[in-house]
Amino acid sequence: MKNILKHTCVLCVAAVLCLPASAKSKNVDIEIQNVHLRGYVGKRIDDCVRHRVMGQKVEDLIAPFRQQDETQGRWASEFWGKWVQGAIASFQYNKAPELYSKIRESQQLLMDCQLPNGYIGDYVPEKETTGWDIWGRKYTLLGLLKWYRLSGDKKALKAACRLLDYTLTQVGPDKKSIYQCGFYRGMPPASILEPVMFLYNDTGDERYLKFAQYIVESGEEDGGPHLLAKADVPVHKRFPLQPGQSWWSWENGQKGYEMMSCYIGMLELYKVCKNPELLEAACKTWQHILDEEINITGGACSKECWFNGKALQTFPASHTMETCVSFTWMQFCERLLEITGDSKYADQLELTAYNALMASMKHDGTQIVKYVPLEGFRREGEHQCDVPINCCNANGTRAFAMIPRVAYKTRGNERLDVNLFIPSEATLRIGKSVICLKQETHYPQTGESEIIIDKIEGKQQSPIFQIAIRIPQWAVTASIEVNGVPEQEVKPGTYCVLARSWKQNDCIRVCLDMTPRLYRQQQKIAVKRGPIVLARDSRFADGFVDEVLVPESTDETVTLTPCPASENVWMAFKMPVCTGTYQDGPNDRKEIILCDFASAGNTWDERYRYRVWLPELYVPK
């Protein structure tokens, strides 16, 4: 690929963004000033901030930078950057002064570790640019730059510039190739592309833009990961390992988290140069990941690599569904949603958030698990790199903090998108008015939600703007009423765009079909209700979780009856089944209890087991 920066073609997304003339409003600037989430999701976010973010000892994360003795190619230099990004995003949500102080202190401690040459890292000088060093610099840059954007602290911007400038003396054209600076065909170090673009946007320094161009172009050369050339290839087939090659090696080009991180960086470059090839490659790869890798709960990967996981999800897989992978998939979805406006990205983000992500955090919010299998039990991840933390405990907080900013998003200067149905309040500045939007819902226990214009303050008491409601693809039937009047154009997999002069107490009522759906694969069954995947848990003492059964159902739907949820369980349902291989006696018929996947195993007590895919009896026909 040549001359990325000179390419000025813009990929047409008019089919997504253009609205009929009747839906246009008058150049109103919409700004989301504040969002507060309540209910189950709001509590989980609060628990995460209170216990996981605020509970982190910053000194543990800074120590590797002070010691600077890494010789084994490890990744301790990523932990601070991951944690501080989650902390910053959490502060942007809850505005807690004590959290701001903790972030500010950590920034100063980190900047105090910068060497005179600009290096911030934990590798000894002779090992710099090897192992995970450049990967760690990426997270340091992201942490510094997001603090600069939050606080305006120019010391952080200067520290980031000095670190990247030092990196440019070591890596690039006529120097060491970025793709020889780490594992997995160089994707981990190449993912520095994202903060390189952020730094270009903050400084306008053309050297950074040229370095970004170099990263993308050189990736298509021999030995690179060919992220553009192989965009049409399923991600697990791009670089098949040969006999004798290790899964944990440079040759393996299937590392999920790092591959998606590279595409996220490409999307930041796309925003500047508008080269459609970058967006097209990201969209094609996203679709391959969805079609071949993402399982029923929105998670993916075994041993953190693509492995055709969707087709193999009924089999227990080694080290499956890493939380870092789940977060980065959500991040990939969020960036594509922002650029394209296609609701399918919000659909997938919701699926992962409610299932794989919520399942990753212990019921008390103190820990985020490293792996989230579809059956078995959950347990605390190991400490890594001689630091009392691991990658997912550091990174998972970013995913929880993402939910509020995705729930409500602006599109252009005249439209508010409602992406998630969560009891909440959102404060908007629209032109010269401030609007308090309130959402009341028991979703996803039920499919009904009400979005109310709760208060309007300012000169303009009836502002004209658009509210767009996401209608999930899974909602076979859906309806929307505005002040009791039905909307006619409500289609699953799209936004229903409502443009009008809004007044106080106006009410949008959304009703989504929540019929429980049955999924079959390899003589196993799973049940999904709306976006929620259900699981069997031995805590309910309703039989053997591995017993063979036959659900009382049609081919695609089952009957569920809500039942009281026990401690630390979000929602639970009874499902009538026949069990065992005889199926002809009164004792063979009973009701089993299914709970939401997020709650299954959330005590991290290895005495109890859960499973999503249940064995189904084979009956010859």
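A compact table of results
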item: Distance (nanometres) between label positions extended 7 Å along Cα→Cβ at ALA565 and THR477; result: 2.6
item: Listed peptides 311-320, 523-532 by packing density, highest first (mean Cβ within 10 Å); result: 523-532, 311-320
item: Accessible area of the stretch 502-559 belonging to carbon and sulfur atoms, whole % at 1.4 Å probe; result: 48
item: Per residue Cα convex hull volume in Å³ - calculated over the chain; result: 167
item: Calculated FRET value between ASP542 and VAL124, using beta carbons and R₀ = 45 Å, to 0.05; result: 0.20
item: Relative contact order, percent, the stretch 258-380 [alpha-carbon distance under 8 Å, six or more residues apart]; result: 22
item: Lys pairs under 15 Å by Cα in the stretch 374-463, provided they are eight or more residues apart or on distinct chains; result: 4
item: Highest to lowest packing among 46-55, 260-269, scored as the average C-beta count within 10 Å; result: 260-269, 46-55
item: Solvent-accessible heavy-atom area per residue, rounded to whole Å², over the chain at 1.4 Å; result: 39
item: The chain - mean residue ellipticity at 222 nm from DSSP helices (-39,500 (n - 2.57) per run, n ≥ 4, rounded to 500); result: -10000 deg cm²/dmol
item: Equivalent ellipsoid semi-axes - Cα gyration tensor, the stretch 224-286, angstrom; result: 25, 11, 8
item: Percent carbon-and-sulfur accessible area, the stretch 224-320, ignoring ligands, DNA and RNA, probe 1.4 Å; result: 57
item: Relative contact order for the chain, counting Cα pairs under 8 Å that sit 6 or more residues apart, in percent; result: 14
item: Normalised contact order of the stretch 393-461, rounded percent, pairs of Cα under 8 Å and 6 or more residues apart; result: 22
item: FRET efficiency, ARG379 to GLU556 (Cβ-Cβ, R0 60 Å, nearest 0.05); result: 0.95
item: Cβ crowding within 10 Å averaged over residues, with 510-516, 85-91, 401-407 ranked highest first; result: 85-91, 401-407, 510-516
item: FRET efficiency estimate (nearest 0.05) - Cβ-Cβ, GLU221 to LEU241, R0 30 angstrom; result: 0.90
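The values are calculated or read from the model by the stated rules, or taken from the named source; none is laboratory data. What you see is a predicted model, and the numbers here were worked out from it, not measured in a lab. Glycine gets a Cβ as well: all are built from the backbone with ideal geometry, and neighbour counts include every protein chain shown. All accessible areas refer to the heavy atoms of the entire protein, side chains included, with ligands and DNA or RNA removed. Shrake-Rupley method; radii C 1.70, N 1.55, O 1.52, S 1.80 Å.
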